[in-house]
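Everything below concerns the one structure shown next.
The values are calculated or read from the model by the stated rules, or taken from the named source; none is laboratory data. Note that the structure is a prediction, hence the values are computed from the model and not measured. Positions of Cβ are generated from backbone atoms using ideal geometry, with glycine treated the same way; all protein chains shown enter the neighbour counts.
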């Protein structure tokens, strides 16, 4: 779970970054994240489906009520 927290902090500090320009063979943000299903029809999540961690119900205290400037200063 620590990795999810670190990714959420990185996303919070870098909201305009997700995937860099692709190098041939690198994963795409639309590639399936097997075996993670998002519904009862067994549709598979992609990175794009999981980008907004807060929509998935995750809450990290250091991100609640903190600006990115304050968080950068704290880290």
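A few notes on this one:
- Search result, residues across region 14-42 that are in a loop (DSSP other than H, G, I, E, B), touching a helix residue (DSSP H, G or I) at 6+ places or on another chain (Cβ under 9 Å) and farther than 30 Å from residue 71 by Cα: 31, 38
- Single match in 32, 27 (criterion: in contact with a strand residue (DSSP E or B) (Cβ under 7 Å, 6 or more places away or on another chain) and either touching a residue at least 24 places away in the same chain (Cβ under 8 Å) or surrounded by 10 or more Cβ atoms within 10 Å (Cβ to Cβ) (or both)): 32
- When we screen 62, 74 for residues that are closer than 16 Å to residue 10 by Cβ and either surrounded by 11 or more Cβ atoms within 10 Å (Cβ to Cβ) or in contact with a strand residue (DSSP E or B) (Cβ under 7 Å, 6 or more places away or on another chain) (or both), the only hit is 62.
- Residue count for region 13-37, restricted to those that are at pLDDT below 90 and under 16 Å from residue 54 (Cβ atoms): 2
- Residue that is farthest from the chain's Cα centre (by Cα), among those in region 55-70 that are in contact (Cβ under 8 Å) with a residue 12 or more places away in the chain and under 14 Å from residue 5 (Cα atoms): 62
- None of 62, 70 is part of a helix (DSSP H, G or I) and at pLDDT below 90 except 62.
- Residue check, residue 7 modelled with pLDDT under 90 and not in a loop (DSSP other than H, G, I, E, B): yes
- Residue match in region 36-49 (condition: in contact (Cβ under 8 Å) with a residue 24 or more places away in the chain, exposed (fewer than 13 other Cβ atoms within 10 Å of the Cβ) and at negative phi): no
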